[in-house]
Structures are given as C-alpha cells and as structure tokens.
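Beneath this line is the structure, given in structure tokens, with notes to follow.
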Amino acid sequence: MSDRIVVIGAGLAGSEAAWQLARRGIEVTLVEMRPLTMTPAHHTPRAAELVCTNSFKSDVPQVAAGLLKEEMRALGSLVLRAADASKIPSGQDLSVDRKAFSDSVEAGLAEAGVERVAREATEIDPAVPTIVASGPLTSSPLASALERLTGTEHLHFFDAAAPIVFRDSVDHDQLFQRSRYDKGEGNYWNAPLDKPQYDEFVAELVRGEQVDLADFERTMWFEACLPVEEMARRGPETLRFGPLKPLGLEDPRTGRRPWAVVQLRQEDAAADLYNLVGFQTNLRWPEQRRLFRMLPGLAKAEFARLGVMHRNTYVDSPRLLLPSHRLRAAGLTWLAGQLIGVEGYLESAMSGLVAALNVAAWAEGRGDVVFPDDTAIGALVRYVTTPQRGFAPMNATWGIFPPLPDAAVVRRGKRERAGAHLERARSSFEGFLATRPDVVAVVPAAVSA
C-alpha cells in the first residue's frame, strides 16, 4: 500500500493506533500539536502523557476493566505492555509510574518506526486515510474541522484531575495502610475521619470557592468523575457512599471502621507522590490547600499538583460512526479515543487499537474487524456506535454487555453474574480470534521498560 496513514493526536488512543499500524508494516505519520500548542491539562510534549489519575483501574478479570485488559494484551496492545512495564504497587489495580509509562510508549513508537510531526492539525482531508484521536481537549480549529466534516455540533462536558501531594509532607502517624477488604498488597494510605471531622469537612467543601464557570457549563459534569465539592452539595452523606466510603477499611489501630476514609494512592515508582483518590475538583487553588489540609495527616501537605478542570469534547458517535470507527460521512476518516465517547485511559487505548485494526484491514482489502458484542471490546464498541437517547461517555462495565441468557444466573449475586459474563466473553473472544488471525498475526516490535 502506497498511502501513508495520518494519525492525529499522540495520546493513548493515537499512540496505540500509530504503533499497531507501524508494526504491521504500514507507513504512518503521528501528528501532535504539543509542544507548539499546549492544552490546559498537559505539561510535556511526550506521547501518552497521563493528565488525570495514574491508575488503569482493576486488573482482575472478574471486573469488566480487567477483562478488557486481558483482551487487549491478547491483541498485543502497546499501552498495556507499557503499563505492565511501568507498574507500581497499587493493590488489585494496575497503576503506573507516569514518566516510566510515557517513556515506554515513546520507545515503542520509535522502535516501530513511527514518523512524528510536531504541528497543530487544523484540517482533515477526507481523501487522506486518517485516524483522528485528538482527545477530549481537541483544539478549536480541529473541532471546527470535525464539525464541517460531520455536519453536527459537538457535545461538551467537564472532567477533573485530583491533587497530588508529596509523601514527605504527609504525617503517616495519623494514617493507616490497607487495601479495601485487604485485597491486593495494601498499598493505599488511609486518612480516617470521625463524624465531627467529616461533617466539618463537608460543610467547608460546600462553602469552598470555585473557579467561575458559565451557567451552561455547570450542568455538564460527567457523572463518573464529579468534582468532590459537587458531590458534597448533593447531600451530607454523598461522599460517605462515594470516594470517602469506609467499607472494608477497618483501622488496625482501633479494630473499628472509621466514619469516613480518604485514600491516598501511590503515584510513582519511588513512592514520593500520593494521589487523593476521587478528589477531582474545581476549587480555586488557595481553597484546595486550605480545605485538603483539614484532612488527617495532611495539615502540612505540600502539593506536587493541585486539582484542575478542563473541557472535554466528544462527538455523537452513535449517529456518526460505524463499528469499525469509520465516519459514515467521510469514507477515509476514522475516529478514536475519548473523542468518540469512551471514558478512561484503557478504553481510549482500546478504541485506538480497534481503529488501527480496521484501517489495516481496509488497506489490505479485508473486511471490517468487528468484535462480538459479548466481549469487552465489542460491548464498548457497540455502546458508542448504537443509536440511543442521552448518549454520554462510558467506561468498561458489565452493564453495557448483552443480557445473560440464563435467567437463573441473572437472579444470583453480582459475583455469579460477573463470572458468567467472563466465561461467555472468553469463549466468544477465542472463537473470534480463530476466524480473524490477522488481528494478532503481526510483525513483533519490542517495547522498552
């Protein structure tokens, strides 16, 4: 094939897509606007920079995110290989050292021979095979180009990044180390709050001074990533049933479960940084310092990063996209990443992988690569390409899988249903690979740790 594929955006989806194409011997140019034009959330020009959490969520296959990882590993995902190579202790979750992860992705792209171009893409040529993976912070000129190409307006919502504190500024004597229900390696530090401490903290959160937003912006939060102060406004108990829930976190010093618990998760391999789990916020920075220093052990906390809010953009994928991620209205344009309404690092990389597999199939004259609906990849693709009311971003979850046929299993507990989904998905995925060996039969490319 003589056509060079253009991939716009060197985030997780774009990096995955470019690598998958290059390792199949397809020439690819990866276009990234950083560092010439930065976003409100990025700090470096590096590929696959993690701007929110450093966690890829659960690595247990009985959880939908864990099954998704299993399928992506089977397909030789660059992002999963890089994540595994840069893994840091985090219980049952797959959490990574941010720099080591990005370094590993960068090395993979270089070794696969991906051509990198630093410029801002402002136009999309429908005659040039292109994967647009510009992410939730797509620049205004490129968003306008997409709007012209698709003939539809974009939807917007806001996402939030949680603060990170330096380990040495935390008073560990006031915390205890434990994973929820003692699952995993117990690498979370937990700040226990009694009821008076919790009530005071929630009251101050509600009164906290926020960054000003326009009226229409206040209605566009993504429910799975609400600012902590917004959750507090929804009721005094909301946080206790959300990120501050104490279930499964008995304090070994007292043998009792605290009224509420704030978890601190390791951010880097050296364990010099901790992330305040679930503390995405739109509070002004002076307010963040004041309020978060109210928490046990954080009175003298120094912040490596304070919480920020940024606009996320996604398109009406169920109306615009085929399951191959190809735009219905523009035959040589594919979309991938959070731009299409998948939410999360893992899910974004997955969509980049799917787009690349389909571009490769198109280039080689084969049929579209469409995964079975009852696999983790297939369920997510079906969600973002099936017409529905109130389309909103979605993570990997059992709720988007097709219903289980066995009514007896459906009536059982959550664990039994998850097991049935897992068994069915594995069988279906194995059968699919047997019919499409081309999705894994590729030229190997090394990934540096």
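Listed values, structure above:
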quantity: Matching residues, the stretch 278-290, being in contact with a strand residue (DSSP E or B) (Cβ under 7 Å, 6 or more places away or on another chain) and buried (at least 20 other Cβ atoms within 10 Å of the Cβ); calculated: 280, 281, 282, 283
quantity: Answer residue from the stretch 383-393, given it is surrounded by 19 or more Cβ atoms within 10 Å (Cβ to Cβ) and modelled with pLDDT of 85 or more and is farthest from the chain's Cα centre (by Cα) among those; calculated: 385
quantity: Residues within the stretch 4-60 that are out of contact with any strand residue (DSSP E or B) (no Cβ under 8 Å at 6 or more places or on another chain) and either surrounded by fewer than 18 Cβ atoms within 10 Å (Cβ to Cβ) or assigned to a loop (DSSP other than H, G, I, E, B) (or both), tallied; calculated: 13
quantity: Total residues in the stretch 241-259, condition surrounded by 14 or more Cβ atoms within 10 Å (Cβ to Cβ) and not in a loop (DSSP other than H, G, I, E, B); calculated: 1
quantity: Criterion (surrounded by 15 or more Cβ atoms within 10 Å (Cβ to Cβ) and either outside the structural domain of residue 66 (by TED's automatic domain parsing) or in contact with a strand residue (DSSP E or B) (Cβ under 9 Å, 6 or more places away or on another chain) (or both)) met by exactly one of 344, 419, 378; calculated: 344
quantity: Considering residues of the stretch 162-180 that are small (Gly, Ala, Ser) and surrounded by fewer than 22 Cβ atoms within 10 Å (Cβ to Cβ) only, the residue farthest from residue 308 (Cα to Cα); calculated: 179
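The values are calculated or read from the model by the stated rules, or taken from the named source; none is laboratory data. On a predicted model such as this, the values are computed, not experimentally measured, just so you know. Every residue, glycine among them, receives a Cβ derived from its backbone with ideal geometry; neighbour counts consider all protein chains shown.
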